[in-house]
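Below is one structure, written out as structure tokens, with a few remarks after it.
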Amino acid sequence: MKEIYFITHNTHKFKEAAEIAKGHKIPIKWIDIEYEEIQADDLEDIALASCKKLIEIKPELKNKHFFIEDAGLFIESLNGFPGPYSAYIFQTIGNEGILDLMKSKENKAAYFKSVIAFFVNGNIKLFVGKTEGTIITEKRGAKGFGFDPIFLPADEALTFAEMSLTTKNLYSHRQKSLREMFTSLTAFENKKIFGE
Ligand code: ITT
């Protein structure tokens with residue numbers, strides 16, 4: 001039986017994904033590799049390029065089923081910033097920097113987007129998930145990671161950072177792309193992949 005691996009350097013992302021995977025009865029394994037991403041305007045191009053690059057630098061991955069996931073926060077009044085630059089912006093100006101930029105903005109709308117590139121049977125398939133919400137004016141909550149304390153999903157009372165992992169997994173962009181990926185593994189594909 002072939003395993004499915006999630007390649008990420010981010011523990012939080014792996015934990016969120018592992019819980020979703022368990023719910024779909026398709027356990028996943030973690031490969032912790034820190035890889036450099038290309039700079040591009042959309043997450044789809046970045047995820048695809050990262051997946052190809054990983055196969056190039058680690059040819060043994062060709063014999064595995066694995067996926068990577070690229071995510072970002074897109075703020076409407078900042079023309080989609082930080083978007084594909086989310087990791088760099090989080091490391092540099094962080095949540096406080098985003099809150100500062102948002103002070104003068106009336107429109108607080110934003111969304112998180114997640115793109116999975118899944119390498120399976122020699123092909124790369126993309127899965128996308130998006131969650132709409134707003135950027136609040138002060139950080140709230142200490143759970144989760146990254147921009148979770150400043151993001152309030154639409155129609156919800158709690159920020160992602162105030163939610164347990166299980167609750168975030170009901171609303172997040174990541175659970176949407178993951179569920180699409182897992183449900184796309186139909187009974188037939190499952191048979192083919194797992195050789196059952
Ligand atoms: P990889 O090793 O999987 O690339 P990463 O932490 O670099 O892990 P991404 O490039 O997908 O992850 O995400 C870029 C940044 O966007 C990430 O560092 C966070 O600051 C932010 N981010 C992504 N998903 C998030 C989420 O669910 N909640 C809060 N912030 C998130």
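Overview of values
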read-out: Bridge type composition, region 1-98 - antiparallel percent by DSSP, nearest 5; value: 10 percent
read-out: With Cα atoms, 0 to 90° folded angle of helix 11-23 axis to the chain main axis; value: 60 degrees
read-out: Dimensions in Å of the chain - Rg and Dmax from alpha carbons; value: 17.0, 58
read-out: Surrounding net charge for residue 89, when Lys and Arg each add one and Asp and Glu each subtract one, Cβ distance under 14 Å; value: -3
read-out: Packing-based ranking, highest mean first, of 123-129, 110-116 given that Cβ atoms within 10 Å are counted; value: 110-116, 123-129
read-out: Inter-centroid distance (Cα atoms) of region 16-45 relative to region 57-75, Å; value: 6 Å
read-out: Region 1-56: trypsin sites (Lys or Arg not before Pro) in DSSP coil with no more than 10 other Cβ atoms inside 10 Å; value: 25
read-out: Distance violations [Cα-Cα > 19 Å] among 130/168; 52/168; 29/62; 64/130; 2/25; value: 52/168; 64/130
read-out: Nearest-ten-degree value, helix 43-57 long axis tilted from longest Cα axis of the chain; value: 40 degrees
read-out: Summed side-chain charge close to residue 13 - residues other than residue 13 whose Cβ falls under 13 Å, Lys, Arg +1, Asp, Glu -1; value: -4
read-out: Heavy atoms of residue 140: accessible area, 1.4 Å probe, square angstrom to 10; value: 90 Å²
read-out: Of the GluC sites (Glu not before Pro) in region 72-148, those whose Cβ has at most 14 other Cβ within 10 Å and which sit in DSSP loop; value: 106, 138
read-out: Karplus (6.51, -1.76, 1.60) ³J(HN,Hα), θ = phi - 60°, over region 162-175, in Hz, Gly and Pro reported as x; value: 9, 8, 5, 4, 5, 6, 4, 6, 8, 10, 6, 4, 5, 5
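The values are calculated or read from the model by the stated rules, or taken from the named source; none is laboratory data. Nothing here was measured: the structure is a model prediction, and the numbers come from that model. Positions of Cβ are generated from backbone atoms using ideal geometry, with glycine treated the same way; all protein chains shown enter the neighbour counts. To get the accessible areas, we keep the full protein, side chains included, count just its heavy atoms, and leave off ligands, DNA and RNA. Shrake-Rupley method; radii C 1.70, N 1.55, O 1.52, S 1.80 Å.
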